[in-house]
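Enquirer: Encoded as structure tokens, here's the structure I'll be asking about.
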Amino acid sequence: MATSLKNLSDYTSDTFIDISDKRFGLVVAEWNREITDTLARGAYDTLIKHGAKPENIFRNTVPGSFELTLGAQLLAQHAEIDAVICLGVVIKGETKHDDYICHAVASGITNVGLKFNKPVIFGLVTTNTLEQAWDRAGGKHGNKGVEGAVAAIHMLGF
């Protein structure tokens, strides 16, 4: 479903498992930092709201969205990390760089999750404009970071 038809921060927690002993890695891109910080805060607050302990949430930054894949792999390789949430923003520009970055990140994050057999969540905001990115970072379409945390909790209960 398109984000314009669903709020990213709307979810049902009825089937959530107890995550008080789970450890989460957040990999956050520094590019578009104001937005990615907002996404990270949404993910962090959602995990805390549903029982994660602050000391079990590890935030790591990478330079840009392209580096999310390696950052995810470096966290996922540790047995004590139960789930990794990748958060970044790619805004379409004058060139096709966004196509290459988004495809590489989507493929890479998928491969990391399969390689380590644990949830590695794709929390990449991909938009045409800065305004659309803010709409997905706590604006009118909710917060993609919240959605990432919810996806991680759901997948841990799978």
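The numbers here are math on the coordinates, done by the rules we state, and not lab data. What you see is a predicted model, and the numbers here were worked out from it, not measured in a lab. Every residue, glycine among them, receives a Cβ derived from its backbone with ideal geometry; neighbour counts consider all protein chains shown.
Enquirer: For the stretch 73-158, which trypsin sites (Lys or Arg not before Pro) are in a loop by DSSP, counting at most 16 other Cβ atoms within 10 Å?
Expert: Values: sites: Lys92, Lys96, Lys115, Arg136, Lys140, Lys144; in loops: Lys92, Lys96, Arg136, Lys140.
Those satisfying the criteria are Lys92, Lys96, Lys140.
Enquirer: Considering amide H positions built from the backbone, and no H for Pro or chain starts, which residues 5 or more places from Val62, or on another chain, come under 5 Å of its amide H?
Expert: Amide H neighbours of Val62, under 5 Å, 5+ apart: Val28, Ala29, Glu30.
Enquirer: Same structure again: Within the chain, what percent of beta bridges assigned by DSSP are antiparallel, to the nearest 5? Display every interim value, and only then the final one.
Expert: Numbers: 2 of 21 bridges.
Percentage antiparallel, nearest 5: 10.
Enquirer: What net charge do the residues around Asn32 carry, taking every other residue with its C-beta under 15 Å from that of Asn32, with Lys and Arg at +1 and Asp and Glu at -1?
Expert: -2
Enquirer: With a Cα-only, solvent-free Debye model of the stretch 28-158, what are the log10 I(q)/I(0) values at q = 0.13, 0.14, 0.16, 0.19 Å⁻¹?
Expert: Each listed q corresponds, in turn, to -0.48, -0.56, -0.74, -1.04.
Enquirer: Name the residues whose placed amide hydrogens come within less than 5 Å of the amide hydrogen of Val89, ignoring near sequence neighbours (fewer than 5 apart) on the same chain.
Expert: Here the answer is Ser65, Val125, since their amide H atoms fall under 5 Å of that of Val89.
Enquirer: Could I ask something else about it? Show which lysines lie in cross-link reach of Lys115 when reach means a straight Cα distance below 28 angstrom and same-chain residues fewer than eight apart are skipped.
Expert: Within reach: Lys22, Lys53, Lys144.
Enquirer: Here's a follow-up. Show me the GluC sites (Glu not before Pro) within the stretch 73-136 that DSSP assigns to loop and that have at most 13 other Cβ atoms within 10 Å of their Cβ. Don't skip to the end; give the middle numbers.
Expert: Values: sites: Glu80, Glu94, Glu131; in loops: Glu80, Glu94.
Counting only loop positions with at most 13 other Cβ atoms within 10 Å, the GluC sites (Glu not before Pro) in the stretch 73-136 are Glu80, Glu94.
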